[in-house]
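Everything on this sheet refers to the single structure shown next.
The values are calculated or read from the model by the stated rules, or taken from the named source; none is laboratory data. Just so we're clear, the structure is a prediction, and the values are computed from it rather than from any experiment. Counting neighbours? That spans all protein chains shown, and the Cβs are built from the backbone with ideal geometry, glycine included.
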Amino acid sequence: MTVSPLTPTDLARIRADFPILARELHGQPLAYLDSASTSQKPQQMLDAMTSFYSTSNANVHRGVYTLGVESTDAFEAARDAVAALLNAPSRREVIFTRNTTEALNLVAKTYGVQNCGPGDVIVSTVLEHHANLVPWQVLAEQTGATLRFLDIDDEGNLQLDALDAIAREGNVKLVAVTHQSNTLGVRPPVAEIVAWAHAQGAVVVLDAAQTVPNRPVDVQALDVDFLAFSGHKTLGPTGIGALWGRESLLADLQPFLTGGEMIRSVKLERTSWNALPWKFEAGTPAYAEAVGLHAAIDYLQAVGLEAIDAHEHAITDYALGRLAEVPGLRIIGPQTAAARGGVVSFVLDDVHPHDIAEILDRHAVCVRAGHHCTQPLIERLGLAATVRASFYLTTTEAEIDRLVAGLLDVRRVMGV
Amino acid sequence: MTVSPLTPTDLARIRADFPILARELHGQPLAYLDSASTSQKPQQMLDAMTSFYSTSNANVHRGVYTLGVESTDAFEAARDAVAALLNAPSRREVIFTRNTTEALNLVAKTYGVQNCGPGDVIVSTVLEHHANLVPWQVLAEQTGATLRFLDIDDEGNLQLDALDAIAREGNVKLVAVTHQSNTLGVRPPVAEIVAWAHAQGAVVVLDAAQTVPNRPVDVQALDVDFLAFSGHKTLGPTGIGALWGRESLLADLQPFLTGGEMIRSVKLERTSWNALPWKFEAGTPAYAEAVGLHAAIDYLQAVGLEAIDAHEHAITDYALGRLAEVPGLRIIGPQTAAARGGVVSFVLDDVHPHDIAEILDRHAVCVRAGHHCTQPLIERLGLAATVRASFYLTTTEAEIDRLVAGLLDVRRVMGV
Amino acid sequence: MDDLYRENLMDHYQHPRHHGPMAECDAEAEGQNPLCGDQVIVQVKLTDGTIEEMRFTGHGCAISQAATSMLTELVQGLTVDEAAALPSQAILDELAIPLSAMRVKCAVLGLGTLKLALHRSAGTPLPAEWGDTDEMVWS
Amino acid sequence: MDDLYRENLMDHYQHPRHHGPMAECDAEAEGQNPLCGDQVIVQVKLTDGTIEEMRFTGHGCAISQAATSMLTELVQGLTVDEAAALPSQAILDELAIPLSAMRVKCAVLGLGTLKLALHRSAGTPLPAEWGDTDEMVWS
Ligand SMILES: Cc1ncc(COP(=O)(O)O)c(C=O)c1O
Ligand SMILES: Cc1ncc(COP(=O)(O)O)c(C=O)c1O
């Protein structure tokens, strides 16, 4: 069953919910093409947080009084919403973190440190965001485990043929891979990786920062062991993200950070830990942000994640076609919309990406330039930086047209 | 120079800024007496966040485009505001965290792990919140260092006479102490502790979660080495707090969490770290919450932290007097307002504190009951739990009167 | 206030039934609610698979102590299987006051502890739904 | 657009002055702006404490490369002390376009690298205010 993408009427209705889209820059309306970096926020999400603060705010898990009960209920309902979004078998498997980065560090500093040692192998890939790469470098250094990176071909497709050689180097304990590259939009073959990893007795950590926002993500169907995402890329507020982990794995782990909330009983000599998921949530959590994330999830589900996925696919297809019209422009990564999400990196002759982004900004077109927190990938591709345009449920063809017009002006200004 | 407390006109004006105070419960207006747990929020703070999201939201430190620059400027301006609030010598010393708990864990897991070992001694106290106690238990266990706790007298005053015996047990490396007990309101003699610790060559970690919200806190005057506080107790949003640390100490430390933002250069083989303070901020920070915290700090400074301190002092004095009228009520901790902040713990005959809090809730009076995340302190005092009322810049004498009336009703309902 | 702490509840709190230890018993367990600091120790005397008497000791809030007192009357004469299958709602109905999620834990502390004692003495595993009560401490 | 990338700037970017390595030099340093990936290598020939020529190589955005090119003309004939005291504003004035804080780093990359080279060859420590440019990488 294919879901139809958003209609122009849907798009207009959705866009009206995002107050920032009313902003003008240099006399032109904003064309925000940097959703892979962070999403903009619908009014419904902002209202949910403000109204929570204005009526029910109290610290969670603590007060016997009405406000404390309401606040705790709202916070735990947000956990249920995340569990449902990811089709998690249990709400106990959902741990709130600040962002994807903290979620991945949590895995490295609990599961990783408690399970890896010399003779063990950790596998990551050259595609990864620094958040899914540096924590494994640190883990390997701390534990004496070997760290290996899967390579890509020149279009960014992950090469799995090195896996068997890697398995001969030691006990593969953990495989960390992205669900979608934030720089190229390419989607690695996660099912194959999971099958291979599980055959080795390794766990799979999936960085889903780029996919939870825009398509249905089902941890049971994916059969991964840990999964991380960020609220701020998912129409939610900054300051909140989540780690999902299999209960059977989480249950055995020692905690991450310690303090209030995550304890069962504290004595000067000895402390025991709370049950899941609270064992991994030390101190006052970002509970108002959880309420905001809940509203964001409700918003996404009301629009429909299949429809958002279809829209991103259609708009990416349109963008690839239009960008091909710009002389000297080279798309980095997969050349067709089929193999990728709504993220397009490119270079334009030898114009520096920062100059491109700055000139586009004068057209009120917001794109990113740089290494996108994927320095090893950029280096592997023989580049210093790219320009990246990324799309979401608010992106229109008219915005793509303005990107293209802006790029033609870049050529003029830079004299190429 | 004594500052006069807030006038009734000031109070009325301030209270009008807090939308939640308009809420009624069981037909009565809210008497929120749980500010030590979390503060309520002024409209100005809520508006600052909503307006930021609605006009300038973009990921920080990344975009070349206007929104990205505005967002980064707003985030870094919040850091300047925190640095100024604490009179920090440099903005590079201010690290944003989720809360006090994460800030203290950061110190334990960087400075602590990198500087403590067998033969070393870590000192904490029986007064501490779990957030300033459990991380040191874990640190001692991980490093083989010895952990010692300073005791209190029966009023909660910290006893320093054990210090010299502790110094004979090994090299004292770190002393972690609260600036004010969240359960008793008592303020330990920080200056004496700092002088002693520095004479031992130890650093002092100050848990200022209960003082940054309500009085001027100056890290240079205090001469401590690390200081932590939470935004949510300081009129700010949840999801943000800060660690201040001396630059000379922070500069030498290995990072805490790793990923984007905190790196200078990432290669598959080797990664180098960013400059302070970003070295300690991995991933997308809670930048909108930083904007909220900035507005909260502006609000506090407009009212005046000396005036808030004076108000808390006056209202605590009034509360101690009125509570003395309730038969069977026993104040735990210092008996006079002089020796404490705006936090009052008590018990009432042998009525269970949870029953008291629940009955008070029917009067729309919000107080906490339990161990207040200080189990060792509650046990040291020979108690199972207390009721705690805590005050802030919105607290009025009328609210204290309602607390007292509610307590008399507790006596009636419970038949004591 | 009176809808909160009804007369019946206060009567059980102030005059707990079947309170105080039993010299010899057939089943025994202890339960704690760390949030409130509530504690109950439950002891049961069985005759031919039937509860002859349940007694308890402990301390805590009015809800936890009154609910456990009510429970001692409720289960008298039930078979072990009947008692082990008793739903939480049974005890909430006895209390007959509105309770927040947080106070429900106080209310069912005695029942959970009784079930633990019965299952332990029968050697049967605790039913799966008790996995959700893991904010409580059983021993 | 034209207030952003003025003719003079584009001219320096497309036709950088004093560009390309120097066989022998008296002072040398490399600077990088990791955010943009800009890089400049600065070499200086001195005569009697005066800058005879500054040359540079490197790559990066138009701002960083044009600003460094302009700098080579600006410092010619200055004494080492004068060049070492040159304020950032001097180079911003040359560029004569509005710059965000992020792009100011691109603009002053060449100047910072020149100062480093001069201080290093003179054996004097870098002035304190350069402590604030620690998002850059100097070598
Ligand atoms: C003295 C003290 N320290 C630490 C904390 C922990 O603060 P947070 O939960 O915001 O990390 C608190 C607040 O509960 C406190 O009162
Ligand atoms: C694929 C991927 N992983 C991880 C991250 C890090 O997310 P955050 O900065 O929210 O921790 C990002 C976002 O930049 C990303 O795109």
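Being away from chain B (no Cβ under 14 Å) and β-branched (Val, Ile, Thr) is the filter here, so list the residues in region C:54-63 that pass it. It would help to see each step written out before you state the result.
At the first step, the residues of region C:54-63 found to be away from chain B (no Cβ under 14 Å) are C:54-57.
The one that is away from chain B (no Cβ under 14 Å) and β-branched (Val, Ile, Thr): C:57.
State the number of residues belonging to region A:290-322 that are hydrophobic (A, V, I, L, M, F, W, C) and within 25 Å of residue B:239 (Cα to Cα). Step through it out loud before you land on a result.
The first filter runs over region A:290-322 and keeps only residues hydrophobic (A, V, I, L, M, F, W, C), leaving A:290-291, A:293, A:295-297, A:300, A:302-303, A:305, A:307-308, A:310, A:314-315, A:319-320.
Checking the rest, the ones that are also within 25 Å of residue B:239 (Cα to Cα) come to A:290-291, A:293, A:295-297, A:300.
The qualifying residues number 7.
Suppose we keep only residues that are at the interface with another protein chain (Cβ under 7 Å from one of its Cβ atoms) and within 16 Å of ligand 2 (Cβ to nearest atom) within region A:274-292. Which one would you say is farthest from residue C:138 (Cα to Cα)? Ranking the candidates gives A:289 first. The lone criterion from (1) away from ligand 2 (no atom under 16 Å from the Cβ); (2) facing another protein chain (nearest Cβ under 10 Å); (3) modelled with pLDDT of 95 or more left unmet by residue B:71 is number (1). Is it true that some residue in region B:55-68 is crowded, with 24+ Cβ neighbours inside 10 Å, within 16 Å of ligand 1 (Cβ to nearest atom), assigned by TED's automatic domain parsing to the domain that holds residue B:253 and farther than 30 Å from residue B:16 by Cβ? Checked against the condition, which is being crowded, with 24+ Cβ neighbours inside 10 Å, within 16 Å of ligand 1 (Cβ to nearest atom), assigned by TED's automatic domain parsing to the domain that holds residue B:253 and farther than 30 Å from residue B:16 by Cβ, region B:55-68 yields no hits at all. Annotation: residue B:136 fulfils all but one of (1) part of a helix (DSSP H, G or I); (2) over 18 Å from the mean Cα position of the chain (by Cα); the unmet one is (2).
Could you identify the single residue in D:68, D:57 that is outside any helix (DSSP H, G or I) and of a type in the set (Ser, Thr, Tyr)? Just one listed residue meets the conditions, D:57.
May I ask you to say which residue of B:112, B:68 is of a type outside the set (A, V, I, L, M), assigned to a helix (DSSP H, G or I) and under 30 Å from residue A:36 (Cβ atoms)? Give the steps one after another, and end with the answer.
Numbers: B:112 fails: under 30 Å from residue A:36 (Cβ atoms).
That would be B:68, the only listed residue that is of a type outside the set (A, V, I, L, M), assigned to a helix (DSSP H, G or I) and under 30 Å from residue A:36 (Cβ atoms).
Those residues that are farther than 20 Å from residue D:78 by Cα, within 14 Å of the chain's Cα centre (by Cα) and away from every other protein chain (no Cβ under 11 Å), I need them from region D:21-53; list them, please. Answer for region D:21-53, where residues must be farther than 20 Å from residue D:78 by Cα, within 14 Å of the chain's Cα centre (by Cα) and away from every other protein chain (no Cβ under 11 Å): D:30, D:31, D:40.
Of the residues A:75, A:96, which is within 16 Å of ligand 1 (Cβ to nearest atom), aromatic (Phe, Trp, Tyr) and in a strand (DSSP E or B)? Explain how you work it out, then say what you get.
Numbers: A:75 fails: in a strand (DSSP E or B).
The conditions single out A:96.
Of the strands (runs of 3 or more DSSP E) lying entirely inside region B:299-416, the ones with 1 or more residues being aliphatic (A, V, I, L, M) and within 14 Å of chain C (Cβ to nearest Cβ) are found at B:343-348, B:368-370, B:386-390.
Scanning region A:341-383 for residues that are free of Cβ contacts under 8 Å to residues at least 12 places away in the same chain and of a type in the set (A, V, I, L, M, F, W, C) turns up nothing.
Can you name the residue in region A:116-158 that is away from chain B (no Cβ under 14 Å) and either basic (Lys, Arg) or in contact with a strand residue (DSSP E or B) (Cβ under 6 Å, 6 or more places away or on another chain) (or both) and is also nearest to ligand 1 (Cβ to nearest atom) among such residues? Once the filter is applied, the top-ranked residue is A:116. For region B:256-273, a residue qualifies if it is more than 7 Å from chain A (Cβ to nearest Cβ) and surrounded by fewer than 21 Cβ atoms within 10 Å (Cβ to Cβ), and the qualifying residues are B:264, B:269, B:270, B:272, B:273. Residues that are farther than 29 Å from residue A:279 by Cα, within 13 Å of ligand 2 (Cβ to nearest atom) and within 19 Å of the chain's Cα centre (by Cα) are absent from region A:110-124. For region B:10-47, the set of residues classified as facing chain A (nearest Cβ under 9 Å), in a helix (DSSP H, G or I) and without any contact (Cβ under 8 Å) to a residue 24 or more places away in the chain consists of B:20, B:22, listed by residue number. Cβ-Cβ distances below 7 Å connect the following pairs, each with a first residue in region C:65-84 that is of a type in the set (Asp, Glu), a second residue that is surrounded by 15 or more Cβ atoms within 10 Å (Cβ to Cβ) and not in a helix (DSSP H, G or I), and a separation of six or more residues or different chains: C:73/C:17. Scanning for something within 15 Å of the chain's Cα centre (by Cα) and either more than 16 Å from ligand 2 (Cβ to nearest atom) or among the polar types (S, T, N, Q) (or both), does region B:195-204 turn up at least one residue? No, region B:195-204 contains no residue that is within 15 Å of the chain's Cα centre (by Cα) and either more than 16 Å from ligand 2 (Cβ to nearest atom) or among the polar types (S, T, N, Q) (or both). Any residue that is within 16 Å of ligand 1 (Cβ to nearest atom), closer than 24 Å to residue A:290 by Cα, touching a residue at least 60 places away in the same chain (Cβ under 8 Å) and surrounded by fewer than 23 Cβ atoms within 10 Å (Cβ to Cβ) - is there at least one of those in region A:214-224? Scanning region A:214-224 turns up no residue that is within 16 Å of ligand 1 (Cβ to nearest atom), closer than 24 Å to residue A:290 by Cα, touching a residue at least 60 places away in the same chain (Cβ under 8 Å) and surrounded by fewer than 23 Cβ atoms within 10 Å (Cβ to Cβ).
Give region A:274-299 a look and list any residue that's aliphatic (A, V, I, L, M) and surrounded by fewer than 21 Cβ atoms within 10 Å (Cβ to Cβ), or say none.
Applying the first criterion (aliphatic (A, V, I, L, M)) to region A:274-299 yields A:275-276, A:282, A:286, A:288, A:290-291, A:293, A:295-297.
Scanning region A:274-299 gives A:275, A:276.
How many of the residues making up region A:1-29 are hydrophobic (A, V, I, L, M, F, W, C) and either closer than 11 Å to residue A:394 by Cα or touching a Cys at 6+ places or on another chain (Cβ under 7 Å) (or both)? It would help to see each step written out before you state the result.
Looking only at region A:1-29, we keep the residues that are hydrophobic (A, V, I, L, M, F, W, C), and these are A:1, A:3, A:6, A:11-12, A:14, A:16, A:18, A:20-22, A:25.
Within this subset, residues satisfying the condition of being either closer than 11 Å to residue A:394 by Cα or touching a Cys at 6+ places or on another chain (Cβ under 7 Å) (or both) are A:6, A:11-12, A:14, A:16, A:18, A:21.
Qualifying residue count, region A:1-29: 7.
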